[in-house]
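The next block holds one structure in the form of structure tokens; read it before the comments.
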Amino acid sequence: MLIVPATTLLNAQGFGAPVFNALIPNEANYSVHLMQPRGQIEASTTGVRSKDRALCQNQFSAFLRDVVSNQSDLAISPEYSMPWDTLIAYLKAGNVPANGKLWVLGCESIKYSELESLKQVVAGFATLIYEPLQPNNARFLDPLAYIFQAPRTANNGQQGLVILVQFKTFPMGDADHYEINNLQRGTQIYQFGGNNEQNKLVSLICSDAFQFTDANAAAVYDRALIIHIQLNPAPRHPDFSLYRTKLLNFQGNETELICLNWAGCVEEWSNQQSKAWNNVSASAWYLKPDRFDEEDATLGANHRLGMYYTWLKPLRTHALFFNYQPATFLLQASKVAHIAVPGPISPRRGPQLTTTSIWNSVSNAWAGQNVTDDGFSAIVHHSNQAQHELTRLSTLNPFITERILALCAGAFENNESWHRVRELDSCIIDTTEIIRRITFCQDTDPQAAQFRVRRLMRCGHLWTILINTAQLPPALNDFHAGFTFNWTSANPHQNTVSTNGQRSTVIYLGEETPIEQVEAVFTFAASFLQRSASNPDESLAARQRLAVWHRDVNGQTVLFGSQKYNNYSKPAAASEFDIGRES
């Protein structure tokens, strides 16, 4: 893989360097339009393309129409997706990106000889540029088309439409050696920008990631937007994610990655046989700015429209995953880097999802949605009688629901800031990128599914305890009149409130928790409550309303430390970890 400045090819064809809105390192946000198409494809020795031709052409025509209508600064479609005939017809009709806009379109496969012929077809309205290769009609190309306006070096810099095509450089591995046997490889990827006037942009096509070296990462990571388009049954495989580790491991926070795959559950047709991939989509935006906007209101608005927050802890990176359904996504994003921008207006708050659209087959258009299905409604029943309360909360704020469920399970260890989104255990992902979010449950990995079900079931058991008045300690007698789950940032270690307005912390640890851990959870919860109180009386009252249940070896539900703060003998301000505390 050779990283080549795009200007090298443009200059040779009489064009100067384009200036893209998305890469100008100023405070102005830019718009991004993504298409995550329905995954029904056909593959043969002649290439890869969508199976339903009429649907494909209608959907991609409508996508391009929306890109132009919304004046999107950056438009992206995944590998093998855009039909060439749809694209060329649209451009020929004069529907082209305006100056400063960039389209990054993964196109259906094409043979080199067909691309040569296409150059003549578009000559009247565009200049088609690509890496010279030896014609080979026995193999097909996997192309990415950059489409943009660039200034001509003659004619006083008059703009001309350019289609710059980049080819996949490395084949996908599979048991049948499909691309190994049938793909004609390119050798170059193109870099836009990279000077003081523009940030960098480079794109990888799926398995290009396999040969993305440490040297490649070092060359492009700084002030860079990296686009990775895919048609990938295993987008989280370590061989694919390694390039992200290389890029995001560097010191600094001016690297962002947009990974765009097809929608989940791709169906592949080959030799009249259908094969279900049963795959996740895993389309995501990775970034690590120093002042990312992680307010509940911001992340909750993204969530409702179909972009879900996680914290990629090993790389200290925010990873926002898109809903797995076929859709288009329109976003506003801050630039990957700012230069000479005053501090007060410079926070890089990350992408904000403004519109998610699904296909309307009646109107033949992408129709915006007010809310997308995050999958929570399909699993909340595991919480039994608590499901209506959790459903109510998740509609208001999915992160409050995640926090309440964590508190109900005692999932905070010794971390007093456990409730921050990047420290909330269900929001954290490791290098496997398995998503355990409870209010976003499209990840079908067994580990994720088991985590969600266990947490919901534990909450359901706790709810049963709370509505059984015989099991309540005296301090919670007001629960007899009613209570709800509740969480606020002002009271981060309490998860319930009674009808008369008294807050409490209630936890159920189940039968799998040893008594030593039960005691540790109780002690840490009490310590958090103590330190967050504004005065000794409030501290004591909060700890009196702490209740931790577990099941003993006989299967009985037991309240731990039920009399500790009702028979309180030490000063209220003393530490929970004071070596002089009562036994």
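Each reported figure results from applying straightforward, stated rules to the coordinates on display, with no laboratory input. Computed from a prediction, not measured in an experiment: that's the story for all the values here. Cβ placement follows ideal geometry from the backbone for every residue including glycine, while neighbour counts extend to all protein chains displayed.
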Under 15 Å from a point 7 Å along the Cα-to-Cβ line of Q13: which residues of region 189-209 have their amide N that close?
189-192
Can you find, among T513, L393, N495, the residue farthest towards the positive end of the dipole of the chain? Put +1 on the C-beta of Lys and Arg, -1 on that of Asp and Glu.
L393
For region 376-560, what's the relative contact order in percent, using C-alpha pairs closer than 8 Å and at least 6 residues apart?
19 percent
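Step through the table entries K168/K313; K313/K335; K111/K200, compare each Cα-Cα distance with 25 Å, and write down the pairs that go over it. Let's see the in-between values first.
Numbers: K168/K313 31 Å; K313/K335 23 Å; K111/K200 30 Å.
Pairs exceeding 25 Å: K168/K313; K111/K200.
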Bridge type composition, the chain - antiparallel percent by DSSP, nearest 5
65 percent
Once the dipole of region 376-560 is set up from charges on Cβ (+1 Lys and Arg, -1 Asp and Glu), the residue from the list S417, A525, N468 lying farthest towards its positive end is N468
Just order 446-452, 492-498 by mean Cβ neighbour count inside 10 Å, highest at the front, would you?
492-498, 446-452
Where in the chain are the DSSP H helices whose C-alpha atoms run 18 Å or more along the long axis and whose mean Kyte hydropathy is at least 0.0?
53-69, 446-467, 515-532
Where a ≥ b ≥ c are the square roots of the eigenvalues of the C-alpha gyration tensor, would you call region 117-265 rounded, which needs a/c under 1.5, or, failing that, prolate if a/b is larger than b/c, or oblate?
oblate
Just grab the label-to-label distance for H480 and E27, each label 7 Å out from Cα along the Cβ direction, in nm (one decimal).
6.0 nm
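Which order do the peptides 173-180, 126-133, 95-102, 484-491 take when ranked by the mean count of other beta-carbon atoms within 10 Å per residue, highest first? Show your work: numbers first, answer last.
On the way: 173-180: 12.9, 126-133: 16.8, 95-102: 18.5, 484-491: 15.2.
Result, highest mean first: 95-102, 126-133, 484-491, 173-180.
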Inter-label distance, nm, simple model (7 Å from Cα along the C-beta direction), H237/L396
4.5 nm
Given the C-alpha centroids of region 167-208 and region 1-65, what is the distance between them in whole angstrom?
13 Å
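Please compute the length gained on full extension between Q134 and Q71, using 0.36 nm multiplied by the number of residues separating them and subtracting their Cα-Cα distance. Don't skip to the answer; put the middle values down first.
Details: separation 63, 0.36 × 63 = 22.68 nm, distance 3.77 nm.
Once the chain is fully extended between Q134 and Q71, it gains 18.9 nm.
Place a +1 charge on the Cβ of each Lys and Arg in the chain and a -1 charge on the Cβ of each Asp and Glu, then give the dipole magnitude about the Cα centre in debye, rounded to the nearest 20. Let's see the in-between values first.
Details: 45 positive and 52 negative charges, 142 e Å.
About 680 debye.
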So, in nm, how far is label A154 from label E519 when the simple model puts each one 7 Å beyond its Cα toward the Cβ?
8.8 nm
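How high is the FRET efficiency from Q273 to L55, r the C-beta distance, R0 30 Å, rounded to 0.05? Could you put the intermediate results ahead of the total?
Numbers: r = 21 Å, r/R0 = 0.69.
My answer for the efficiency is 0.90.
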Rounded, prolate or oblate for region 376-560? Axes are the square roots of the Cα gyration tensor eigenvalues, ordered a ≥ b ≥ c, and the cut-off for rounded is a/c under 1.5.
rounded
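What does the charge add up to near N199, with Lys and Arg as +1, Asp and Glu as -1, over the other residues with Cβ less than 10 Å from its Cβ? Kindly include the intermediate steps, with their values, before the conclusion.
Details: positive: K200, R223, K335; negative: E197, D222, E254, E256.
Residues close to N199 contribute a combined charge of -1.
For region 2-369, what class follows from the C-alpha gyration tensor (a ≥ b ≥ c being the square roots of its eigenvalues): rounded when a/c is under 1.5, otherwise prolate if a/b is larger than b/c, else oblate? Before the final figure, lay out each step's value.
Numbers: a/c = 1.32, a/b = 1.13, b/c = 1.18.
Note, shape of region 2-369 comes out rounded.
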Counting other Cβ atoms within 10 Å of each Cβ, which chymotrypsin sites (Phe, Trp or Tyr not before Pro) in region 204-287 have at most 16 and sit in a DSSP loop?
F250
Please list 45-54, 519-528 highest first by mean number of surrounding beta-carbon atoms within 10 Å per residue.
519-528, 45-54
Can you give the FRET efficiency for E114 and R531, using 1/(1 + (r/R0)^6), R0 = 60 Å, r = Cβ-Cβ distance, to the nearest 0.05?
0.30
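Between D222 and H388, what length in nm is gained on full extension when 0.36 nm per residue of separation is reduced by their alpha carbon distance?
On the way: separation 166, 0.36 × 166 = 59.76 nm, distance 4.75 nm.
Length gained, D222 through H388: 55.0 nm.
Using 0.36 nm per residue of separation minus the Cα-Cα distance, give me the extension gain between T46 and T499 in nm, one decimal.
On the way: separation 453, 0.36 × 453 = 163.08 nm, distance 6.80 nm.
Stretched fully, the T46-T499 segment lengthens by 156.3 nm.
Once every DSSP H run of n ≥ 4 in the chain is given -39500 (n - 2.57) and the sum is divided by its residues, what mean residue ellipticity at 222 nm do you get, rounded to the nearest 500 deg cm²/dmol?
Numbers: 13 runs with 147 residues, N = 583.
Value at 222 nm, helices only: -7500 deg cm²/dmol.
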In debye, nearest 20, what is the charge dipole magnitude of region 376-560 about its Cα centre with +1 on Lys and Arg Cβ and -1 on Asp and Glu Cβ, if you could check?
420 debye
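About the Cα centre of region 106-186, what is the dipole size in debye to 20, counting +1 per Lys and Arg Cβ and -1 per Asp and Glu Cβ, all else neutral?
Details: 6 positive and 8 negative charges, 73 e Å.
Using only the charged Cβ atoms, the result is roughly 360 debye.
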Rg and Dmax [Cα atoms of region 222-287; Å; Rg one decimal, Dmax integer]
14.6, 50
